[in-house]
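Notes to accompany the following structure.
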Amino acid sequence: MHVLLLNGPNLNLLGQRETGIYGHSSLADIEAALSREAEQESVQLDCFQSNFEGALVDRIHRAMGRCDGILINAGAYTHTSIAIRDALAGVAIPYVELHLSNTHAREKFRHHSFLAERAVGVICGFGPASYSLALKGLLSYLRPNA
Ligand code: CA2
C-alpha cells in the first residue's frame with residue numbers, strides 16, 4: 001500500500017520558529033517518525049513539501065493510480081485553495097486533512113477549510129501526533145476489516 005504525505009507552505013520551517021504554536025520537531029523529524037510507523041504497517045510513505053500551490057497540485061496529479069491514500073497538511077492553502085481541493089477531487093484518492101494546531105481555536109480565517117468537506121476525516125490540534133493519528137485514521141478507512 002502507498003500513502004502520500006503532503007505538506008504545504010512554511011511547514012519546512014517547523015522546529016525553527018513559532019515553536020510555541022507548532023512545537024519543536026522539524027519536518028524531517030516528523031517525516032522520519034511517520035515513515036517508521038508506516039513501515040510497521042507495511043505501508044510505503046512518500047513525502048513531499050512545497051511552498052508553491054501549483055507544485056502541490058502537480059504532486060497530487062502524479063499520485064493518480066499510484067497512491068491508495070493521501071495525508072495532507074496544506075498549511076495556509078487549506079483556507080484559500082480551490083485548486084488543491086479540485087486536484088484532490090480530480091484524482092479521487094481518499095485523503096485525511098491534518099493540522100498541528102487546533103485551527104478552530106485560532107483566528108476566524110483559519111476556521112474554514114476548502115478541503116475538509118471531501119476528506120475522509122480531519123485531525124487537528126495534537127502537534128506532531130496529528131500526523132500519526134491521521135495515518136491511523138486513513139489506514140482504518142482503507143483497511144476496514146484489519
Ligand atoms: O496547524 C497547522 O498545521 C497549520 O496547517 C499550519 C499553517 C497554518 O496556516 C494553518 O492555519 C494551520 C502554517 C504553517 C506555518 O508553519 C510555520 C512553522 C514554523 C515557523 C513559521 C511557520
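Summary of values
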read-out	value
Qualifying residue in the range 9-18 (condition: open to solvent by less than 40 Å² (accessible area, probe 1.4 Å) and in a strand (DSSP E or B))	no
Residue that is in a loop (DSSP other than H, G, I, E, B), closer than 20 Å to VAL3 by Cα, in contact with a Gly (Cβ under 7 Å, 6 or more places away or on another chain) and open to solvent by less than 50 Å² (accessible area, probe 1.4 Å), where the choices are ILE93, ILE123	ILE93
Extreme residue, nearest to the ligand (Cβ to nearest atom), among residues of the range 19-54 that are small (Gly, Ala, Ser) and open to solvent by less than 30 Å² (accessible area, probe 1.4 Å)	GLY23
Qualifying residue in the range 75-87 (condition: at pLDDT 95 or above, polar (S, T, N, Q), over 14 Å from the mean Cα position of the chain (by Cα) and assigned to a helix (DSSP H, G or I))	no
Every pair of residues 6+ apart whose Cβ atoms lie under 6 Å, when the first sits in the range 1-21 and is more than 23 Å from GLU39 (Cβ to Cβ) while the second is part of a loop (DSSP other than H, G, I, E, B) and within 6 Å of the ligand (Cβ to nearest atom)	ILE21/SER101
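The values are calculated or read from the model by the stated rules, or taken from the named source; none is laboratory data. Model, not experiment: these values are computed from the prediction. Cβ: placed from backbone, ideal geometry, glycine included. Neighbour counts: every protein chain shown. Ligands, DNA and RNA are excluded from the accessible area calculation, which covers all protein heavy atoms including side chains. Shrake-Rupley method; radii C 1.70, N 1.55, O 1.52, S 1.80 Å.
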